[in-house]
Amino acid sequence: MNREIQSLVCFALKEEAGAFRKLAADRADVYILITGIGRKNAGSNVGAFLKSCRPRFILTCGFAGALNPQLAIGDVVFATDDDSLRETLNRAGARPATLFCASRIAVTAAEKTELRRTTGADAVEMESEAIQTVCREQGIPCATVRVISDSANEDLPLDFNQLSKSDLSLHFGKLALAIAKSPGKISGLLRLQKNCRLAAERLAGVLAKVIEPR
């Protein structure tokens, strides 16, 4: 890759990136990388990207489940060791938080309560720890920027851990079968989809301010 990149913005899923992609469409200095779900996918794909390009900073972004009951759907939170990125994110409207990088999706309110108790974290996601590690090893400033897509006191409509392929991506055949067995879950899935759409737009608004030319 021979173009000069200011920022690498990473998302696990294209659905998380869609709203931001529209806002950054005319920015040749911003590269959006879809890493796949989980630490293994995220770490390996970011590491491979950095073999051919070195951005000024990296953002690891996407949805997160709230563990702190005070966080609402659409709230944008962040964690970083970089003073400049911290100042920029504060100005952009994100709020500092403690994030826990898990190996599985926290499905139930009870799981979230237990994670809150054992980790003290405000929110949970699945990729940022690996990306932060790669950035520290290579001396690249990095921030985790996440938006709340499900609150601490709600259960997800389905156990998505059981509907995943070996690479942690969603198995649509299993999803269709689960819906066929439990059609009452459709309303919950539609509500989650609506919440995720709102969350992606809120996240995009914050990220657009972070990548403004300096």
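Counting only strands (runs of 3 or more DSSP E) that fall entirely inside the range 1-90 and contain at least 1 residues that are within 18 Å of E201 (Cβ to Cβ) and β-branched (V, I, T), the qualifying elements are 7-11, 30-34, 76-80. Of the residues that make up the range 59-71, is at least one without any contact (Cβ under 8 Å) to a residue 60 or more places away in the chain and either under 17 Å from the mean Cα position of the chain (by Cα) or surrounded by 15 or more Cβ atoms within 10 Å (Cβ to Cβ) (or both)? No - not one qualifying residue is present in the range 59-71. Kindly evaluate G38 against the criterion of being crowded, with 20+ Cβ neighbours inside 10 Å, touching an Asp or Glu at 6+ places or on another chain (Cβ under 9 Å) and in contact (Cβ under 8 Å) with a residue 60 or more places away in the chain. Answer is yes for this residue. Scanning the range 15-59 for residues that are under 16 Å from C101 (Cβ atoms) and not small (G, A, S) turns up E16, T35, I37, R39, K40, N41, N45, V46, I58, L59.
Of all the numbered requirements in (1) more than 30 Å from N161 (Cα to Cα); (2) under 14 Å from the mean Cα position of the chain (by Cα), R54 misses one, and that requirement is (2). Being in contact with a His (Cβ under 6 Å, 6 or more places away or on another chain) and over 16 Å from L207 (Cβ atoms) narrows it down to one of K165, K174, so name that one. None of the others qualify; the one that does is K165.
Against the test of being of a type in the set (D, E), within 30 Å of D26 (Cβ to Cβ) and under 19 Å from the mean Cα position of the chain (by Cα), the options E129, E212, E125 yield a single qualifying residue, E125.
Coordinate-derived values only; no laboratory data. Since the structure is predicted, the reported quantities are computational estimates derived from the model, not experimental observations. Ideal geometry is used to build each Cβ from the backbone, glycine not excepted, and the neighbour counts take in all protein chains shown.
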